1. Which semi-axis lengths, in whole Å and largest first, follow from the square roots of five times the eigenvalues of the Cα gyration tensor of region 162-205?
2. Tell me, what is the Rg over Rh of region 41-261, with Rh the Kirkwood radius over Cα pairs?
3. Holding the Cα-Cα limit at 24 Å, pick out from 147/190; 129/189; 189/209 the pairs that are longer than that.
4. When a/c is below 1.5 the answer is rounded, else prolate if a/b is larger than b/c, else oblate, so apply that to region 36-152 with a ≥ b ≥ c taken from the square roots of the Cα gyration tensor eigenvalues.
5. When the dipole is taken about the Cα centre of region 139-204, and only Lys, Arg (+1) and Asp, Glu (-1) are charged at their Cβ, what size is it in debye, to the nearest 20?
6. In nm, give the distance between the simple-model label positions of residue 129 and residue 220, each being 7 Å from the Cα along the Cα-to-Cβ direction.
7. What residues qualify as long-range amide H neighbours of residue 147, i.e. H under 5 Å apart, gap of 5 or more or another chain, H built at 1.01 Å from N?
8. In terms of modelled amide H atoms, which long-range or inter-chain residues lie less than 5 Å from the amide H of residue 107?
Amino acid sequence: MSKFFLVISNIIIIVFFINIPISIVASSTISPQKTTQLKSSNIKILVYHSIAPTPDKKESTLILHYRITPSIFDAQMKYLKDNGYHTVTLGILEQSLINGIVLPDKDIVLTFDDGWKNQYTYGLPILEKYGFTGTFGIITENMGKSKMTWDDIKDLNLKGFEIASHSVTHPFLTMISDKQLVNEITISKKTLEEKIGKTIKTFIYPYYKDNANAMKVVKDAGYIGASAGWGKFNNTIEHIYELVSQEAVNNPNPFSNKRLMDSETI
């Protein structure tokens, strides 16, 4: 009789487990990290423009504002290194938001706008000194002279730096015709891809000015994300085409621009 009850009890257990809904079984075998979608990232994005020594001649306040001297840039990179920061590209940050991957809090994105030659001449050796990477936003028209050459950009690409589009001629995208808007966003992407032989995934808005129309064109052109301007460090998957940044200023602490850090997200 005891054997009979043992058999019956085993049958009941088997039937019970067979009838467990698939979703319950599946959820118990997948780690929370893989099923939880990352909604936002606190990873900081720093923006750089000119990296060059201050000349003897007098310059405008605007030009001085956008210049970081090589010695200060070195001090800023040393600050990041000494404080345990690691660099990732803007594309990696965007991909992490898309795939729900949480990056370490001490990851940071360094972006360099406009493709100035001095970024290659003065900035690149310092980045390599500290083992850092970065994203270079390139304006595809008027290469050479004060801007990088195509050989410079190809070299950056071969060394593992990300090349991003910063438009064809750097206009205010919110103040041009729909046709020009499409051309600025799509032709720059096509040109860069032809020159370096790699898919361009990231767009950086000129003057950091964007609107819904510009974001739609960027998305339709095949970019996975875009950097849009200043605000608090709270980048989300919902705003992947308007990621916020902080402009680095001529100070050894790259986070010293408190006005931008404390401003409202745009």
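All of the numbers you see were taken from the coordinates with simple rules; none came from a lab. Predicted model only: the values in this text are computed from it and were never measured. Here Cβ is always computed from backbone atoms with ideal geometry, including for glycine, and neighbour counts include all displayed protein chains.
1. After diagonalising the Cα gyration tensor, the semi-axes are 20, 10, 7 Å.
2. 0.94
3. Those over the limit are 129/189.
4. It is prolate, given that a/c is not under 1.5 and a/b is the larger ratio.
5. 60 debye
6. In this crude spin-label approximation the distance works out to 4.6 nm.
7. 117
8. 86
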